[in-house]
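For reference, the structure is listed below as structure tokens.
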Amino acid sequence: MSGRTASGDAPARLGPGDVLRVGAAGLRSRPTRVFLSALGIAIGIAAMIGVVGISTSSRAQLQATLDRLGTNLLTVGPGRDLFGGDAALPEESVGMVARMPDVRSASATAKLEDTSVYRNDHIPEGESGGISVLAARLDLPRTVGLTMAAGTWLNAGTAQYPAVVLGSAAADRLGVSTPNTQVWLGSQWFTVVGVLEPNGLAPELDSAALVGWDAAASRLGFDGHPTTVYTRAREDAVEKVRDLLAATANPQAPNEVEVSRPSDALAAQQAGDRAFTGLLLGLGGVALLVGGVGVANTMVISVLERRAEIGLRRSLGATRGQIRLQFLAESQMLAVLGGVGGVAAGIVVTAVFAVTQGWPTVVPVWAMAGGILATLVIGGVAGLYPALRAARLAPTEALAAP
């Protein structure tokens, strides 16, 4: 501890342990105010850690999805003709695309216009629930990466009969969770043989009822023209295949063909999420700033309330530098308390949200370290003025304060 001997020796130096002990003693003397000030810091840090953690966990889930489904899926669809009308893909487009040298597999679906599906035949026609009816080829799961949640996919037998596979969202809207249930499709009964798991690269299939290619032609008036051709290219030739798909799918009118890459849409969505994350980080920064103001306010009031203590320490030989160090230490400790609590709260928030969404929990180390570093900076800035003010108090003035 500090002090000056009667013979005028230099004041004793404050060691690190002394600084921590003196700073902690100042905080223990007013626990409620310390808690409320630290809470402001904690809220700001927790908000920032939570935003970063949730965003990172979301990206990890997206990357896992892309790793599982692949980024080499391309889709081909009809665009517009020269007169602005709806174009159509040739019936042979799937076979022509499948014969491309760098294409591993190709399959297709076709939207059946004016065909709806209902839970039963008593539901009004207008209440379709936004479920589309698609004709599907048998190799669609292999090309797109579909998996079954229940039941089985269409086969050579069921594809010729009134059998249907429901996407995950379509099954929820129809209230169907198990196979061997009948639904009213195209003014006739179809039997549900399977329910699909959600698919990130082909979300349009989640809200669809899929029937066999042959059954659609014989029972629902399907004309054989696909509306979406799914193409799985070699990983090292995706761009090459993409450039050739339009001319291959419709050699006579390649300008009437639209080619897209579903993973690009997911990447764009991720970019949008990053922009939203930036906004939330800004809000977290505002909360952190408010917490810093709270720390500064607490330390200023502490200086005013402890003038007698400051005067006593100065009269016993404490230097201005030691007084500054004491109050800076208090401010730093107060901020660190809030920072550690905020980091812990942010991790908990991230973990709870990620678990409820079925995502991996990922909190970057740099975010946690940055949170603690931010609190140290805030503690230093917030405590600088009160520390300087305390150090400038003359011993006689401080002791004379009520």
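Computed 3J(HN,Hα) for the range 327-337, one whole-Hz value per residue from the Karplus formula 6.51 cos²θ - 1.76 cosθ + 1.60 where θ = phi - 60°, is 6, 5, 4, 4, 5, 5, 5, 5, 5, 5, 4, glycine and proline marked x. Derived scalar couplings between HN and Hα for the range 126-136 equal x, 9, 7, x, x, 8, 8, 10, 10, 7, 10 Hz in order, rounded to whole Hz, by the Karplus curve 6.51 cos²θ - 1.76 cosθ + 1.60 (θ = phi - 60°), x for Gly and Pro. Accessible surface for residue 309 stands near 80 Å², nearest 10, in the context of the full protein assembly shown (1.4 Å probe). The relative contact order of the range 78-148 comes to 26 percent, based on Cα pairs under 8 Å that sit 6 or more residues apart.
Computed from the Cα positions only, the extents of the range 106-189 along the three principal axes stand at 37, 26, 22 Å, in decreasing order. Near residue 258, the amide H atoms lying under 5 Å from its own belong to 77, 79; only residues 5 or more places off or on other chains count, and H is placed 1.01 Å from N. Each label was represented as a point 7 Å from its Cα along the Cα-to-Cβ direction; for residue 297 and residue 312 these points are 2.9 nm apart.
A straight chain from residue 147 to residue 355 at 0.36 nm per residue would run longer than the Cα-Cα distance by 72.7 nm.
3J(HN,Hα) along the range 170-177: 4, 5, 5, 5, 8, x, 10, 10 Hz, from the Karplus curve 6.51 cos²θ - 1.76 cosθ + 1.60 with θ = phi - 60°, whole Hz, x for Gly and Pro. Listed peptides 142-149, 330-337, 73-80 appear in the order 330-337, 73-80, 142-149 once ranked by packing, highest mean of other Cβ atoms within 10 Å at the front. If you take the Cα centroid of the range 33-82 and the Cα centroid of the range 123-139, the two points sit 32 Å apart.
The values are calculated or read from the model by the stated rules, or taken from the named source; none is laboratory data. Just so we're clear, the structure is a prediction, and the values are computed from it rather than from any experiment. Quick reminder, even Gly has a Cβ in these numbers, built from the backbone with ideal geometry, and neighbours come from all protein chains shown. Side chains are part of the model used for accessible areas, which takes the heavy atoms of the whole protein and leaves out ligands, DNA and RNA. Shrake-Rupley method; radii C 1.70, N 1.55, O 1.52, S 1.80 Å.
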